[in-house]
Each structure stands twice: as structure tokens, then as C-alpha cells.
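Undergrad: Pasting a structure below so you can have a look.
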Amino acid sequence: MSKRRVAILISGRGSNMESLIAAARASDFPAEIALVLSNRPDAPGLASAKAQGIATAAVDHKIHAGREAFEASMQKMLEAHRIDFICLAGFMRLLTASFVTHWAGRIINIHPAILPAFTGLHTHERALKEGVKLHGCTVHFVVPEMDAGPIIAQAAVSVLDGDTPETLGRRVLAQEHRIYPLALRLAASGVLRIEDGRVFGAGGAEAALASPAP
Ligand code: GAR
């Protein structure tokens, strides 16, 4: 099977992007990173991808009249690079139902919490406030509803007594970097099946994804 041509969509730092780029260097990886696209022209991740010889594009949401016009520009760029799979990696724009539906089954996202808990922003602060003892991250297929959709992989970290949003966030991020490449490998290789909103076919991957306590 030929490699899926993946676009990584970012808005900022791009550390998850880096973990996907690194994983995709393996010759047996079922996807190649064909484009890094950002809605922020000054995103640090964009410069880094460019320096690594990866095609990049900036589609600035601020210069578009609305969400539809912004997404039409993105779609054009994705088509120009013959993209067939999208990874959202810290992409901080909500996507319309029509864009998401067009890419259904071919667009995945990473979220810094164990969904369906803590959708939205400031997940580490909110996890600490609630006093949960386990926190973590999720990779899921994207559906029109925000931070929802069939779950491919999750990892948990223990919340420690002295944690701040920063210390907890750092441990979660380390797990994000571990599970996103694994989830992309599964999704791009076509072994996953979605039934009734659940993902099947990850095989033994679930065990590999359960993270030990720190
Ligand atoms: C990551 O923690 C990612 O899970 C989160 O933004 C961060 C981006 O960091 N995404 C969301 O909150 C999406 N709602 P990165 O740019 O270093 O990958």
C-alpha cells in the first residue's frame, strides 16, 4: 500500500508535529508528512518544519471573511499537495461540520485530556481543580462536535500532590508525543474500523498505550 499523504495542521509550537515528523521517518511508517499548514503565519512549528525540508503553508484565518472562506483556502492548499489524511496537532480553530464531514474518517486530533472528560481549553488547570487522580491525553477521529469522536488511543498519567498545571502538562505532553505517532500509524494503515462511534482493530495496541505511573 502506498503511504498516506498527511497534512499536519498546527497553530503554535508544534511539538506534536515534531513527534509525527520523527515517526514518519521510519521506512515502514504508513504515512508521509507531505504538508505542515498553520493558520498563524508566525507559528514556530511552521519554521521548524520548513527547516526540515517539509512543505509548509500559512493560511491566515484573520485575512478571511469567515470560517467558510478560510476553510476553502485550506482545502485548496490540501488539494494542491494531494493530501489524503489530516492530523490536527494543536490547531486552535474550530472546523465547520461541512469541512469535517468532507474529511470524515481521514482527520484525527490530539486532545490534552482523557475524553470525554475535560473537553475544551485549560484542561490541566481544570483537572487539578476537580482533584482527579488520573489525567492524560486522547487521539480521536474528528467529528463536527468539538473534542468528540471515536477514540483511537489514550494514555493516562497520575496526578501528583505537588502538581501545577505546568508540571502536569509536561507529563501529559510526553504521553501525547508517544501516542500520536502510534495512533497515526494505526489510522493510516487502514486496520481500524469504526462501529457505533467506537474504534475497533487496534489489536494489542491498547496494552502498549497504557502508560505507567510516573
Ligand atoms: C497540545 O497539548 C495539544 O494536545 C493541545 O495543544 C497543545 C499543542 O502543543 N491541543 C488542544 O488543546 C486542542 N484543543 P504542540 O503545538 O506543542 O503540539
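Every number in this text was worked out from the coordinates using simple rules, so none of it is lab data. Being a predicted model, the structure only gives us computed values, none of them experimental. Positions of Cβ are backbone-derived with ideal geometry, glycine not excepted, and every protein chain shown enters the neighbour counts.
Undergrad: Taking amide hydrogens as modeled 1.01 Å from N in the peptide plane, which residues meet the under 5 Å criterion relative to SER38, leaving out close sequence neighbours?
TA: Long-range HN contacts for SER38: ILE10, ALA57, ALA58, VAL59.
Undergrad: Roughly speaking, what % of Cα-Cα pairs in the chain are separated by over 20 Å, rounded to a whole number?
TA: Looking at the chain, the distances longer than 20 Å represent 57 percent of pairs.
Undergrad: A follow-up question, please. Counting other Cβ atoms within 10 Å, which trypsin sites (Lys or Arg not before Pro) in region 56-86 have at most 12 and lie in a DSSP loop?
TA: ARG82
Undergrad: VAL157's amide H: which non-local residues (gap 5+, or another chain) put their own amide H closer than 5 Å, with H modeled 1.01 Å from N in plane and none for Pro or chain starts?
TA: Amide H to amide H, under 5 Å and 5 or more residues apart or across chains, VAL157 pairs with HIS135, GLY136.
Undergrad: Mind pulling the angle between the C-alpha long axis of helix 165-189 and the longest principal axis of the chain? Nearest 10 degrees, somewhere in 0 to 90.
TA: Compared with the principal axis, the helix lies near 50 degrees.
Undergrad: Based on alpha-carbon atoms only, what is the radius of gyration of region 115-209 relative to the globular estimate 2.2 N^0.38 Å?
TA: Its radius of gyration relative to the 2.2 N^0.38 Å reference: 1.13.
Undergrad: Given H placed 1.01 Å from N in the peptide plane, which residues other than close sequence neighbours of MET92 have an amide H under 5 Å from its amide H?
TA: SER11
Undergrad: Nearest 500 deg cm²/dmol is fine: what mean residue ellipticity at 222 nm does the chain get from its DSSP H runs of n ≥ 4 alone, each adding -39,500 (n - 2.57), divided by its residue count? Please report the intermediate quantities before stating the final value.
TA: Details: 7 runs with 75 residues, N = 214.
Using -39500 (n - 2.57) per qualifying helix, the result is -10500 deg cm²/dmol.
Undergrad: Measuring from label point to label point, each 7 Å out along Cα→Cβ, what is the VAL191 to ALA80 span in nm?
TA: A separation of 3.6 nm, rounded to one decimal place.
Undergrad: Moving to a separate point now. Of all DSSP beta bridges in the chain, what percent run antiparallel (nearest 5)? List each step's numbers first, then the result.
TA: Values: 14 of 31 bridges.
Percent antiparallel among DSSP bridges in the chain is about 45.
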